[in-house]
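Report on the following structure.
The values are calculated or read from the model by the stated rules, or taken from the named source; none is laboratory data. Here the structure is a predicted model, which means the values were calculated and not measured. Positions of Cβ are backbone-derived with ideal geometry, glycine not excepted, and every protein chain shown enters the neighbour counts. Surface areas here come from the heavy atoms of the whole protein model, side chains and all, with no ligands, DNA or RNA. Shrake-Rupley method; radii C 1.70, N 1.55, O 1.52, S 1.80 Å.
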Amino acid sequence: MKRRNRWIFAGLIPFAVMIVAFQLAPIISMLTGSVTAENGSGVTLEYYTRVLTSDYYLKAIKNSLLISVTSSLAGIVIGLVCAYSITRFAPGIRNRLFMLSNMTSNFAGVPLAFAYIILLGSNGVFTLLFKQWGWDVFASFNLYSWTGLILVYIYFQIPLALLLLYPSFYGIREQWKEAASLLGASKWQFWRTVGIPVLMPAVFGTIGILFANSMGAYATAYALVGGNYNLLAIRIGSLVAGNVINEPQLGNVLAVILALTTLIAVYLNHKMTQRNQLFQSGPASVPVRKRRKLLRPWAPVVKEEL
């Protein structure tokens, strides 16, 4: 038995090496690089001071937060409607829609930016076609601006939100709907008092994932606007591997700020997933003390059932 356990631990060695090489080592390098002086003489907070007192870098942080929040909210609203709509289709159509959503959620980065340029750019297919037909649909639209970035970001947020939100609708049990109907509640009353509170943990958790996904997006924005738009991910790339300015210490500081924002989003998703687990797996699988803690802010109807 001991020999078998040794072989099991030996099989985990490649996995541990991968974790150290591609997870821990970059994080340690980023953290140490952000507080190490340029000549390597000691520890300094000069780079944090420069970033936090620079209007240029603060603007990059503000732009990234703004575009992430905007695209996440738009993605969650559209994804929520689409996820509910898919539950009303037959299983065959539902599977085809899921296949399409899975494909579009992976269609991001440089190919997505070039696809938008080909279709909606200054000389894009739809731009020239509508212009020839006399339709001024895209006369005031500029793909290489804030509006264009928002449009592209929303495109890859919607299918991800749909895939994450869809299972949550099956956490709303048919017995709840039947009980509400027997008690004389309308559909709106059911969704307002039971359905929406049950969905809220999944919604907030998905917002956290969408926010982290948008904050870390680099290839799409860089391929679309290059260095013309001041975003946090683009500034990190230009500082670490730029042709003109190469200050990796400042890039490490910005990377730490980016990591902190995404960690907060992931933590939000973790807490909301814990709440959503209660409704997905059923009350019996969750300890009573934990159930009370998870249900405290949410629906009194479900709480009475417990």
1 or more residues without any contact (Cβ under 8 Å) to a residue 60 or more places away in the chain and under 30 Å from I118 (Cβ atoms): qualifying helices (runs of 4 or more DSSP H) within segment 146-196: 146-169
For N39: the one exception among (1) open to solvent by 80 Å² or more (accessible area, probe 1.4 Å); (2) part of a helix (DSSP H, G or I); (3) closer than 30 Å to P248 by Cα; (4) without any contact (Cβ under 8 Å) to a residue 24 or more places away in the chain: (2)
Given (1) assigned to a helix (DSSP H, G or I); (2) more than 30 Å from L143 (Cβ to Cβ); (3) modelled with pLDDT of 85 or more, index of the condition F15 fails: (3)
Residue count for segment 119-145, restricted to those that are in a helix (DSSP H, G or I), open to solvent by 50 Å² or more (accessible area, probe 1.4 Å) and of a type in the set (A, V, I, L, M): 4
Qualifying residues in segment 44-65 (those that are more than 16 Å from N230 (Cα to Cα), touching a residue at least 24 places away in the same chain (Cβ under 8 Å) and of a type in the set (S, T, Y)) - the one least open to solvent (accessible area, probe 1.4 Å): Y47
Condition check for A233: free of Cβ contacts under 8 Å to residues at least 60 places away in the same chain, under 18 Å from the mean Cα position of the chain (by Cα) and either over 22 Å from L66 (Cα atoms) or in a helix (DSSP H, G or I) (or both): no
Search result, residues across segment 66-106 that are more than 17 Å from F204 (Cα to Cα), surrounded by 13 or more Cβ atoms within 10 Å (Cβ to Cβ) and of a type in the set (F, W, Y): F98
